[in-house]
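Asks: Sharing a structure below in structure tokens format, with a few things to ask.
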């Protein structure tokens with residue numbers, strides 16, 4: 001069993017969709033807190049009470065590389081004393097929805113219109129805000145409209161590839 005703990009509902013739905021093909025095969029469960037601060041002790045509790053690989057996945061809420069590195073280092077230091085199994089700390093920079101702007105053709109299909117390059121650039125810096133402007137209340141339902149082809153393409157983004165590799169590697173180590 002591998003636990004993926006995320007810092008919110010939007011991240012939960014997106015990560016669950018992007019790991020769906022691995023969940024049953026590798027015993028992956030995706031759980032969420034209401035925020036990163038709420039999810040952090042929950043991930044630690046799993047490490048203590050049910051030692052198993054844990055991926056802690058949150059929004060960096062920053063595009064500042066220094067701040068992202070400091071948060072990454074602090075979270076690793078927080079989890080290290082409790083971890084008896086492999087763990088991963090992963091931050092979406094700045095937010096999980098950034099992956100839509102890494103693959104703008106998917107977003108254009110979902111929205112039914114072409115996106116200006118300036119909008120795509122703005123979406124990489126403030127993805128939630130730009131998605132709300134582009135899609136309104138439907139922004140949170142975009143994940144439900146992703147096709148298998150969309151999911152395959154989003155799974156190839158750097159962050160999701162890293163998470164999926166952690167799941168696969170942890171599953172192989174547990175089986176050995």
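Asks: What is the one condition in (1) farther than 21 Å from residue 129 by Cα; (2) part of a helix (DSSP H, G or I); (3) in contact with a helix residue (DSSP H, G or I) (Cβ under 7 Å, 6 or more places away or on another chain) that residue 4 does not satisfy?
Replies: (2)
Asks: In the set 73, 34, 29, which member is closer than 23 Å to residue 136 by Cα and surrounded by fewer than 22 Cβ atoms within 10 Å (Cβ to Cβ)?
Replies: Details: 73 fails: closer than 23 Å to residue 136 by Cα; 29 fails: closer than 23 Å to residue 136 by Cα.
None of the other options fit; the residue is 34.
Asks: Looking only at residues that are in contact with a strand residue (DSSP E or B) (Cβ under 9 Å, 6 or more places away or on another chain), under 18 Å from residue 2 (Cα atoms) and part of a loop (DSSP other than H, G, I, E, B) in segment 29-79, which one is modelled with the highest pLDDT?
Replies: Result: 53.
Asks: Separate question: Regarding segment 68-79, can at least one residue be identified that is closer than 23 Å to residue 172 by Cα and touching a helix residue (DSSP H, G or I) at 6+ places or on another chain (Cβ under 9 Å)?
Replies: Taking segment 68-79 first, the residues closer than 23 Å to residue 172 by Cα are 76, 79.
Imposing the further condition that a residue be touching a helix residue (DSSP H, G or I) at 6+ places or on another chain (Cβ under 9 Å) reduces the set to 79.
There is at least one residue in segment 68-79 that is closer than 23 Å to residue 172 by Cα and touching a helix residue (DSSP H, G or I) at 6+ places or on another chain (Cβ under 9 Å).
Asks: For segment 80-95, which residues satisfy the criterion of being exposed (fewer than 14 other Cβ atoms within 10 Å of the Cβ) and part of a helix (DSSP H, G or I)?
Replies: Kept after step one, since they are exposed (fewer than 14 other Cβ atoms within 10 Å of the Cβ), are these residues of segment 80-95: 80-81, 84.
Correct list: 80, 81.
Asks: Right, next: Restricting segment 1-10 to residues that are surrounded by fewer than 24 Cβ atoms within 10 Å (Cβ to Cβ) and within 22 Å of residue 79 (Cβ to Cβ), which is farthest from the chain's Cα centre (by Cα)?
Replies: In the first step, residues of segment 1-10 are kept if they are surrounded by fewer than 24 Cβ atoms within 10 Å (Cβ to Cβ); the result is 1, 3, 8-10.
Filter again for within 22 Å of residue 79 (Cβ to Cβ), leaving 1, 3, 8.
Numbers: 1: 18, 3: 13, 8: 10 Å.
Looking at residues that are surrounded by fewer than 24 Cβ atoms within 10 Å (Cβ to Cβ) and within 22 Å of residue 79 (Cβ to Cβ), I get 1.
Asks: Taking segment 10-28 only, how many residues are in contact with a strand residue (DSSP E or B) (Cβ under 7 Å, 6 or more places away or on another chain) and free of Cβ contacts under 8 Å to residues at least 40 places away in the same chain?
Replies: Step one: filter segment 10-28 for residues in contact with a strand residue (DSSP E or B) (Cβ under 7 Å, 6 or more places away or on another chain), giving 11-12, 15-16, 19, 22, 26-28.
Retained after the next criterion (residues that are free of Cβ contacts under 8 Å to residues at least 40 places away in the same chain): 12, 16.
Of the residues in segment 10-28, 2 are in contact with a strand residue (DSSP E or B) (Cβ under 7 Å, 6 or more places away or on another chain) and free of Cβ contacts under 8 Å to residues at least 40 places away in the same chain.
The values are calculated or read from the model by the stated rules, or taken from the named source; none is laboratory data. Small disclaimer: the values here were computed from a predicted structure and weren't measured. Neighbour counts run over all protein chains shown; Cβ positions are idealised from the backbone, glycine included.
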